[in-house]
Structures are given as C-alpha cells and as structure tokens.
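Chemist: After the structure tokens below, expect a handful of questions from me.
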Amino acid sequence: MSHHGRVEIVVLGRADTPDGEVVLRRRGDIVELVVNGVFAMDTVEVSSELALADAAGTTPGRVLVGGLGLGFTAARLLGNGATGIDVVERAGPLVEWARAGVTEQLGRVATDPAVTLHHGDVVGFVRGTDRVWDAILLDVDNGPSFLIHADNAEVYTAGCLADCLDRLTPGGRLLVWCETASSPLELTLRRLAGRVEVIDVPIAREGREFTYALYRAVR
Ligand SMILES: C[S@@+](CC[C@H](N)C(=O)[O-])C[C@H]1O[C@@H](n2cnc3c(N)ncnc32)[C@H](O)[C@@H]1O
C-alpha cells in the first residue's frame, strides 16, 4: 500500500505476464488498470465502453468481446439482453482476478451464466474457430495509432478485420474502439464491408476534451 497525495492506493492485483506487467489498483473510489506499464483504463469515464456495447444494437444476441478490461462493455451487453457473450482477454491474471471477484463488476461478469471468459489473443481466437456471432466488439488497445502492445497492430489489419466479418451472422456488426479517429482503419473497413459508420464519443477528462471513435461495419 502506498500514498499518492492524500488518496490511498490499494493494489488489488499485480502480476507479470509474457506480455508485460498487469496491475489493478484502487485509488480512492477509482479502479485503474495498467497493462504493460501503460495506463489502459479506469472507472472515471466509461461512456465509450458503454457506447461500444450499445453500438451492437438493442438486441445484441451472441457477442464476442475482445478485451475484458474492467468489464464495463460486457456488463452493459448483459443489461442490453445479450444471449451469450464470449470475452477473450490476453492478460491471464485479469481473467483469474475477475473469477475471484476482485471488483464487484468483474465478479458479476465472470459468474454470469451467459458469459464465457477465455484467456488468449482475440485474433488467434477468431482465426481458430468456425463459430459465428451477431456482433464482434474489439476494444483491446488504443487503436492503430497508439498501441500498448506492438503486436496488436495485427488487430487493425485488413486480414484480421476480414476474418472477424467472416465470423458474423448476416447483418452482424463489427465494432472497433479507437482513442482517436483513424482514416486508414475507416478505409480498410469500407473496402471490406462497403459501408462504415463512425460513432464519435466526446469525452471530458481532467479538464481536457477528447473524441473517441467507434467504427461500425455491418456484414
Ligand atoms: C481498454 S481494456 C477494455 C475495456 C473494456 N471494454 C471495458 O469495458 O472495461 C483493453 C483490454 O484488452 C486486453 N487485450 C489487449 N490485447 C489483447 C488481445 N490481443 N486479445 C485479447 N485481449 C487483449 C487488455 O489486457 C485489456 O484488458
């Protein structure tokens, strides 16, 4: 336990993985996830994680989610009536912590009978199955222009995105979360799927304003 200003920091979990260190910590009321030494997310402003789930539609059906994070997208999908959710998470310890209920929400997601947590790389998972989903939601990294894991560049390639589209039911939706607009990604998706929608999610954080972008392609 350490102190930062007057706010107490409690480490909920810390582990080394082949992809770097994963740390889950509580700073006052805020939970933070640090992956590979880089801030991945916290619980302060999660409207884009929720918007990602909502972009799967009002009847999400069966959904594949790439990246468990703190479970906001998966929990929202459950609330929206998703009938089955596969969550693929690359950081093994995070999957274990979720199963152990290290945060209330992660515990709820992990134990919901509609949810299956998988430890692995979402790209390999998609390529290693012949299953199909009604929506695939990718929120594994910041987007193609600012990667936490260099090899996540693969996620945003035409090859991977085409494989994801192949694993969708007709009319199924592919959603990609990005911390900033990416015209190369938009172009790639447009070439593959014909039509792409960009859903802007304006965010205010620590007095600064950002616009996250969600890309949606329909099979
Ligand atoms: C920003 S978080 C996801 C946040 C999530 N949408 C939520 O609502 O809490 C990104 C997650 O993706 C995981 N991740 C990174 N690369 C991955 C990959 N290639 N396959 C699966 N998970 C990955 C990270 O370990 C992290 O837990």
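The values are calculated or read from the model by the stated rules, or taken from the named source; none is laboratory data. Because the structure is a prediction, the values reported are computed rather than measured. Cβ coordinates were reconstructed from backbone atoms using ideal geometry, including for glycine residues, and neighbour counts include every protein chain displayed. We work out accessible area using only protein heavy atoms, side chains counted, and drop any ligands, DNA or RNA first. Shrake-Rupley method; radii C 1.70, N 1.55, O 1.52, S 1.80 Å.
Chemist: Considering segment 149-203 alone, what residues qualify as being acidic (D, E), within 16 Å of the ligand (Cβ to nearest atom) and at pLDDT 95 or above? First the steps, then the outcome.
Modeler: If we filter segment 149-203 for residues that are acidic (D, E), which is where we start, we get 151, 154, 163, 166, 179, 186, 197, 200.
Cutting the leftovers down to within 16 Å of the ligand (Cβ to nearest atom) gives us 151, 154, 163, 179.
Of everything in segment 149-203, those that are acidic (D, E), within 16 Å of the ligand (Cβ to nearest atom) and at pLDDT 95 or above turn out to be E154, D163.
Chemist: Also, I was wondering about something else. If S47 satisfies every condition in (1) at pLDDT 95 or above; (2) under 30 Å from V196 (Cβ atoms); (3) crowded, with 18+ Cβ neighbours inside 10 Å but one, which is the exception?
Modeler: Unmet for S47, out of (1) at pLDDT 95 or above; (2) under 30 Å from V196 (Cβ atoms); (3) crowded, with 18+ Cβ neighbours inside 10 Å: (3).
Chemist: What is the residue count in segment 35-65 for residues that are among the hydroxyl-bearing types (S, T, Y) and either outside any helix (DSSP H, G or I) or more than 12 Å from the ligand (Cβ to nearest atom) (or both)? Before you say what the answer is, go through the steps one by one.
Modeler: Kept after step one, since they are among the hydroxyl-bearing types (S, T, Y), are these residues of segment 35-65: 43, 47-48, 58-59.
In the following step, the residues that additionally are either outside any helix (DSSP H, G or I) or more than 12 Å from the ligand (Cβ to nearest atom) (or both) were identified as 43, 58-59.
Qualifying residue count, segment 35-65: 3.
Chemist: Quick check on my filter: what residues within segment 87-142 are near the ligand (Cβ under 9 Å from one of its atoms), open to solvent by 30 Å² or more (accessible area, probe 1.4 Å) and charged (D, E, K, R)?
Modeler: Residues satisfying the conditions are R90, D121, D139.
Chemist: Would you mind telling me which numbered condition in (1) in contact with an Asp or Glu (Cβ under 9 Å, 6 or more places away or on another chain); (2) free of Cβ contacts under 8 Å to residues at least 24 places away in the same chain V35 fails?
Modeler: Condition (2) is where V35 drops out.
Chemist: Here is a follow-up. With respect to G67, is the statement that it is farther than 19 Å from E104 by Cβ and either of a type outside the set (V, I, T) or touching a residue at least 40 places away in the same chain (Cβ under 8 Å) (or both) true? Step through it out loud before you land on a result.
Modeler: Details: farther than 19 Å from E104 by Cβ: yes; either of a type outside the set (V, I, T) or touching a residue at least 40 places away in the same chain (Cβ under 8 Å) (or both): yes.
For G67, the condition - farther than 19 Å from E104 by Cβ and either of a type outside the set (V, I, T) or touching a residue at least 40 places away in the same chain (Cβ under 8 Å) (or both) - is met.
Chemist: Determine whether segment 1-21 contains at least one residue that is closer than 30 Å to D166 by Cα, aliphatic (A, V, I, L, M) and modelled with pLDDT under 95. Spell out the reasoning first.
Modeler: Filtering segment 1-21 for residues closer than 30 Å to D166 by Cα gives 18-19.
Then keep just the ones that are aliphatic (A, V, I, L, M); that gives none.
No, segment 1-21 contains no residue that is closer than 30 Å to D166 by Cα, aliphatic (A, V, I, L, M) and modelled with pLDDT under 95.
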